[in-house]
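Engineer: Let me give you the structure first, and then I'll get to my questions.
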Amino acid sequence: MKRAPVIVHPPCSGGRRVTLYGQDLGRALRPGDVAAILRRAGFCTTKFVWDDTGVFEWRDGGPDVWLMP
């Protein structure tokens, strides 16, 4: 199975780590931060579709989960 290029890692103190093709791009505190991080890395699209499993893998919760359990 092909892996999604963008992985949003589990929530932890300081936000969720975002990786693109395995490269650590930074931490996000909300979906808007994920979009900004990806745009800075050159991963541009007119609209991010957060539930697109071909692009995003959300670990331990989707785009609505930002706090540690």
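No lab work stands behind these numbers, since they all come straight from the coordinates. Values in this document were obtained by computation on a predicted structure and should not be read as measured data. Note that we place each Cβ from the backbone using ideal geometry, even for glycine, and neighbour counts take in every protein chain shown.
Engineer: Could you check region 1-19 and list, in sequence order, the residues that are of a type in the set (A, V, I, L, M, F, W, C) and out of contact with any Leu (no Cβ under 7 Å at 6 or more places or on another chain)?
Structural biologist: Of everything in region 1-19, those that are of a type in the set (A, V, I, L, M, F, W, C) and out of contact with any Leu (no Cβ under 7 Å at 6 or more places or on another chain) turn out to be Met1, Ala4, Ile7, Val8, Cys12.
Engineer: Can you pull out the strands (runs of 3 or more DSSP E) entirely within the chain that have at least 1 residues that are in contact with a Cys (Cβ under 9 Å, 6 or more places away or on another chain) and either buried (at least 16 other Cβ atoms within 10 Å of the Cβ) or of a type outside the set (Ser, Thr, Tyr) (or both)?
Structural biologist: Where strands (runs of 3 or more DSSP E) fall fully within the chain and carry at least 1 residues being in contact with a Cys (Cβ under 9 Å, 6 or more places away or on another chain) and either buried (at least 16 other Cβ atoms within 10 Å of the Cβ) or of a type outside the set (Ser, Thr, Tyr) (or both), they are 23-28.
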